[in-house]
Amino acid sequence: MKNFIVTQKFYTVINSFLNAFRKQESSFLKNFYGLFYPGSQLAPVPAVTVEGFWNEDTRQNSELDDHILWGVPKKRRSVEVRRSRRIGSFTGFCKLYPIKKLLTCLVCGHPYEVGLLCPNCYSKVMKVTQSIKDAMKNAEGRDPILNEYEVAFEDEKLKSEDGFYKGKRILEVPEKRPSWFAKKLTQSTNASLSGETAVSRPNPLHIKK
Amino acid sequence: MYIHKNTVAELRKLVPDIRIPIQKNKRMLKNPQGALGRIWKISKDVSDLFKEERVELGKERADEVRGYAEKREAIKYGDTHEPTMEIAKFYLQDRTLIHKLFNVFVPRFKDYNQCYTNVYLAPTLYTFEKYPRKLPLRAILELKGHPFPPMKPERIPTNNWIHNILLEEARREYNQKKAAAEKAENEEASSLRAEDEENEVD
């Protein structure tokens with residue numbers, strides 16, 4: 001059975017190819033050679049003129065015959081088919097699938113994927129980093145940097161005459177210090193270095209109550 | 001046997017510091033110029049990283065850049081060594097960053113026993129252009145000791161921490177002792193009361 005199909009296909013290919021030569025009015029050869037026919041624009045300048053099979057008598061003077069016609073869709077594709085081709089279907093090949101490996105963030109409570117950062121915390125952190133980066137860009141200019149930075153937010157006041165604090169260069173950021181970004185790791189709350197406000201007692205052992 | 005300090009090489013100079021799996025084959029970072037264009041791309045990212053100290057890149061590119069950012073020649077040889085200066089000039093496209101390297105980063109990382117960079121994977125992004133799909137993963141590369149807020153929270157306390165276990169045990173012991181003492185007092189009091197009652201009867 002298998003051989004039969006192969007031979008059948010083989011014969012059909014050969015027949016279609018031969019029919020192109022058998023019938024002089026077949027569209028295949030005309031369309032293909034129409035480009036390079038000695039009257040068209042793309043025709044190469046031959047050293048020897050062609051005489052015999054392809055004369056101007058055989059060639060029809062219609063516009064369609066001068067170009068190749070490629071395959072085009074014959075019927076309109078319905079909306080269901082179009083969407084299933086784009087997105088896939090749950091029954092067949094699924095291009096978009098629901099994420100099942102999710103955990104809840106212990107800081108903010110939003111869900112996040114395993115191995116990745118929490119999107120809520122990530123957006124919060126990147127907002128602050130961008131503001132610090134902008135402050136860096138304004139402070140630097142074109143001079144080379146020779147010292148490390150000490151970030152000072154809007155509500156903090158660092159006493160300094162040269163613009164340095166303990167050998168570090170002060171970066172003034174026009175924002176308030178977020179509560180989750182503590183100055184020291186042992187301090188659980190926000191506290192300014194000026195000593196005006198009261199400082200809450202740190203909880204170094206993180207003891208659960 | 002006495003061994004002088006200078007005769008033995010320091011262990012941290014022989015053992016690689018990065019405790020992450022490194023790929024056997026390097027990624028070519030698709031570009032028309034081949035291997036030279038790859039290094040040119042990496043040098044851009046390295047100079048960005050040294051300037052801003054925290055950069056967001058593609059996941060694989062960040063992993064590739066990480067190895068080049070951790071070069072230790074500046075700490076080893078200093079700024080008087082010619083080949084190190086050549087490397088620094090090649091990888092740091094902005095000339096002002098060479099000053100930053102020798103004045104800021106070298107004293108910062110001089111006594112580090114760990115690697116100098118961190119990599120975190122950013123959360124996934126989705127687009128709805130053309131068709132809804134998941135974009136490739138992106139990573140955040142940063143140098144340690146930066147002035148920014150930490151990307152991940154500190155370790156969150158649990159009951160399995162050793163000092164929490166010990167404190168809980170101590171608290172339990174204290175309560176048990178207290179209960180035992182109270183019990184003993186009550187028994188004594190009850191026994192005394194019983195004796196008194198017997199005496200009254202007699």
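The values are calculated or read from the model by the stated rules, or taken from the named source; none is laboratory data. What you see is a predicted model, and the numbers here were worked out from it, not measured in a lab. All Cβ positions, even for glycine, are placed from backbone atoms using ideal geometry, and neighbour counts span all protein chains on display.
Out of (1) surrounded by fewer than 14 Cβ atoms within 10 Å (Cβ to Cβ); (2) under 26 Å from A:VAL128 (Cα atoms); (3) not acidic (Asp, Glu), the odd one out for B:PRO132 is which?
(2)
Only one of (1) more than 7 Å from every other protein chain (Cβ to nearest Cβ); (2) surrounded by 14 or more Cβ atoms within 10 Å (Cβ to Cβ); (3) free of Cβ contacts under 8 Å to residues at least 24 places away in the same chain is not met by B:THR80, so which one is it?
(2)
Of the numbered conditions (1) farther than 28 Å from A:VAL151 by Cα; (2) surrounded by 11 or more Cβ atoms within 10 Å (Cβ to Cβ); (3) not aliphatic (A, V, I, L, M), B:ARG138 satisfies every one except a single condition; which is it?
Condition not satisfied by B:ARG138: (1).
Here's a check for you: in the stretch B:95-129, which residue that is surrounded by 13 or more Cβ atoms within 10 Å (Cβ to Cβ) and hydroxyl-bearing (Ser, Thr, Tyr) is farthest from B:GLU53 (Cα to Cα)? First the steps, then the outcome.
Step one: filter the stretch B:95-129 for residues surrounded by 13 or more Cβ atoms within 10 Å (Cβ to Cβ), giving B:96-106, B:108-109, B:112, B:115-124.
Filter once more, keeping what is hydroxyl-bearing (Ser, Thr, Tyr): B:96, B:112, B:116-117, B:120, B:124.
Values: B:THR96: 15, B:TYR112: 17, B:TYR116: 11, B:THR117: 10, B:TYR120: 14, B:THR124: 23 Å.
Ranking the qualifying residues of the stretch B:95-129, first place goes to B:THR124.
If we scan the stretch B:115-132, do we find a residue that is within 13 Å of chain A (Cβ to nearest Cβ) and of a type in the set (D, E, K, R)?
yes
Looking only at the stretch B:76-95, decide whether some residue is in a helix (DSSP H, G or I) and either at pLDDT below 90 or not assigned by TED's automatic domain parsing to the domain that holds B:ARG38 (or both).
Within the stretch B:76-95 (the criterion being in a helix (DSSP H, G or I) and either at pLDDT below 90 or not assigned by TED's automatic domain parsing to the domain that holds B:ARG38 (or both)), the answer is yes, since at least one residue qualifies.
Show the residue pairs that are 6+ apart or on different chains and have beta-carbon atoms under 8 Å apart, the first residue being within the stretch B:142-168 and more than 27 Å from A:PRO119 (Cβ to Cβ) and surrounded by 15 or more Cβ atoms within 10 Å (Cβ to Cβ), the second being at pLDDT 90 or above and not polar (S, T, N, Q).
none
Pairs under 8 Å by beta carbon, first residue within 13 Å of chain B (Cβ to nearest Cβ) in the stretch A:149-177, partner of a type in the set (Lys, Arg) and outside any loop (DSSP other than H, G, I, E, B), six or more apart or different chains?
Every condition considered, the pairs that remain are A:TYR149/A:LYS168; A:TYR149/A:ARG169; A:GLU150/A:LYS168; A:GLU150/A:ARG169.
What's the number of the only condition in (1) more than 14 Å from chain A (Cβ to nearest Cβ); (2) surrounded by 17 or more Cβ atoms within 10 Å (Cβ to Cβ) that B:LEU92 fails to meet?
Unmet for B:LEU92, out of (1) more than 14 Å from chain A (Cβ to nearest Cβ); (2) surrounded by 17 or more Cβ atoms within 10 Å (Cβ to Cβ): (1).
Restricting attention to the stretch A:136-148, which residues are aliphatic (A, V, I, L, M) and more than 10 Å from chain B (Cβ to nearest Cβ)?
A:ALA139
Could you grab me the full set of residues in the stretch B:40-58 that are β-branched (Val, Ile, Thr) and either touching an Asp or Glu at 6+ places or on another chain (Cβ under 7 Å) or free of Cβ contacts under 8 Å to residues at least 12 places away in the same chain (or both)?
B:ILE42, B:VAL55
Tell me, which strands (runs of 3 or more DSSP E) wholly within the stretch A:96-168 include 1 or more residues that are touching a Leu at 6+ places or on another chain (Cβ under 7 Å) and over 25 Å from B:LYS51 (Cα atoms)?
Filter on the stretch A:96-168 gives A:111-113.
Six or more apart or on different chains, Cβ under 6 Å: which pairs go from a residue in the stretch A:73-87 that's within 14 Å of B:TYR131 (Cβ to Cβ) to one that's of a type in the set (Ser, Thr, Tyr) and in a loop (DSSP other than H, G, I, E, B)? Could you list them?
A:ARG86/B:TYR131
Using the structure shown, decide if B:ASN199 is facing chain A (nearest Cβ under 9 Å) and either under 30 Å from A:SER84 (Cα atoms) or among the polar types (S, T, N, Q) (or both).
So B:ASN199 does not fit the description; no.
When you check B:ALA69 against the structure, is it within 20 Å of B:PRO150 (Cβ to Cβ) and in contact with a helix residue (DSSP H, G or I) (Cβ under 7 Å, 6 or more places away or on another chain), yes or no?
It is true that B:ALA69 is within 20 Å of B:PRO150 (Cβ to Cβ) and in contact with a helix residue (DSSP H, G or I) (Cβ under 7 Å, 6 or more places away or on another chain).
Among residues belonging to the stretch B:56-70 that are more than 18 Å from the chain's Cα centre (by Cα) and not in a helix (DSSP H, G or I), point out the one that is surrounded by the fewest Cβ atoms within 10 Å (Cβ to Cβ).
Among those residues, the one meeting the criterion is B:GLY58.
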